[in-house]
1. Could you tell me what a quarter of the Cα convex hull surface of the chain works out to, in nm² with one decimal place?
2. Which value in deg cm²/dmol, rounded to the nearest 500, describes the helix-derived mean residue ellipticity at 222 nm for the chain, given -39,500 (n - 2.57) per DSSP H run of n ≥ 4 and division by the residue count?
3. Which one of T192, T76, T283 has the biggest mean-square fluctuation once the chain is modelled by GNM with Cα springs under 10 Å?
4. Run the numbers on the chain and let me know its relative contact order in percent, using alpha-carbon pairs under 8 Å that are six or more apart.
5. Rounded, prolate or oblate for segment 261-303? Axes are the square roots of the Cα gyration tensor eigenvalues, ordered a ≥ b ≥ c, and the cut-off for rounded is a/c under 1.5.
6. I'd like the FRET efficiency for L277 and R52, computed as 1/(1 + (r/R0)^6) with the beta carbon distance as r and R0 of 41 Å, rounded to 0.05.
7. Could you compute Rg(Cα) / (2.2 N^0.38 Å) for segment 224-356, with N its residue count?
8. Give the Cα extents of segment 146-305 along the principal axes, in whole Å, largest first.
Amino acid sequence: MNPSPHAHSAQQHEAPDGLGTREPQPADRTWPAVSVVMPVLNEERHLTDAVRRIITQDYPGELELVLAIGPSKDRTEEIAARLAAEDPRIVVVANPTGRTPQGLNIAIKASQYSIIVRVDGHSLLPADYVRAAVETMEATGADNVGGIMAAEGVSPFEQAVARAMTSKLGVGNARFHTGGEAGEVETVYLGTFRRSALERVGGYDETFVRAQDWEMNHRIRQTGGRIFFTPRMRVTYRPRPNLRALAKQYFHTGRWRRVVGREHQGTLNLRYLAPPLAVVAMTAGVVAGAFGFWPGWVLPGGYALAMIAGAAVEGRGLPLAAWVRLPLVFATMHVSWGVGFLTSPPGLGQPTPAKH
């Protein structure tokens, strides 16, 4: 890792060995400077808190924050300008498209340091996040390290979504959702990258409006890089606030995950195929039942009972108002993802032909 000439020395502390334990570090070690990049669009509600969590990091090295601001319909641009005026470490650049991959590439280009930490406008970092990222990267030699997407809700609906997003019944066994031991993985939430790895693969693919993280990590692994998960890096994530927004989120995620599967053959497994298969099975059951074949109702009925039973187990400890919403949240996530996957247009993600 190439440390910035502006990096600082630190007192003796402990750093991980990549397996969850820690070992003493020399008192005179040099910490590399870090660039944090954040694509932002319509984040008036969360932006100030998200930025403050970044600029108050307990990190001994230098740190900058580059905000790529899209054409927002709320006060996001005004808030970003005020924050930048208050702290010279914050840089604001324009992202005319408002799309995430374009914003990330613009922010990365405007940044200056050799380590790139990706953050979203509605993510809240713990104080030791950047330190944990750098220590893990140095200990493992990985090109990208990341941790847990710790969904936390405020309203009963958000609490139900948060529980679903951190359960295997809701999202499968990905460690960045459900936790687990440190180790190599296919992808991580957000991510802290070596700039050299991003340059090696040409940055984010801007045709991927969604699923750009998974696609980027796949290319890094294809070129010999390693992606490493550590539970030390835990990011607070705010779930969608209502059923419509949740359904839209998972519908588009399903659509774009199929694009990744088309572009990178062999990357789809049962975890990704389970929701569309369930949608097909339930649809077939409803059609059969509607035409008089009563056993067909077993499929959608069995799924509904499975979601109720699963929510009874997964929802333990939730307030009653959140618990009763959990079966519907599970079903919305599964069905929306499955329908999105099944209806993903063949041309989605393909470059638009130039007009002559």
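Bear in mind that the values in this text are calculations on the coordinates, not laboratory data. This is a predicted model, so every value here is computed, not measured. FYI the Cβ positions are ideal-geometry reconstructions off the backbone, even for glycines, and counts take in every protein chain you see.
1. On the way: hull surface 83.7 nm².
Hull-based average projected area comes out at 20.9 nm².
2. Values: 14 runs with 159 residues, N = 356.
That comes out to -13500 deg cm²/dmol.
3. T283
4. Working: 707 pairs, mean separation 58.8, N = 356.
Result for the chain is 17 percent.
5. Details: a/c = 5.64, a/b = 2.97, b/c = 1.90.
In terms of gyration-tensor shape, prolate.
6. Working: r = 44 Å, r/R0 = 1.07.
Efficiency for this residue pair is about 0.40.
7. Numbers: Rg = 18.4 Å, N = 133, 2.2 N^0.38 = 14.1 Å.
In units of the 2.2 N^0.38 Å rule of thumb, it is 1.30.
8. Computed over the Cα atoms, the extents are 62, 38, 28 Å.
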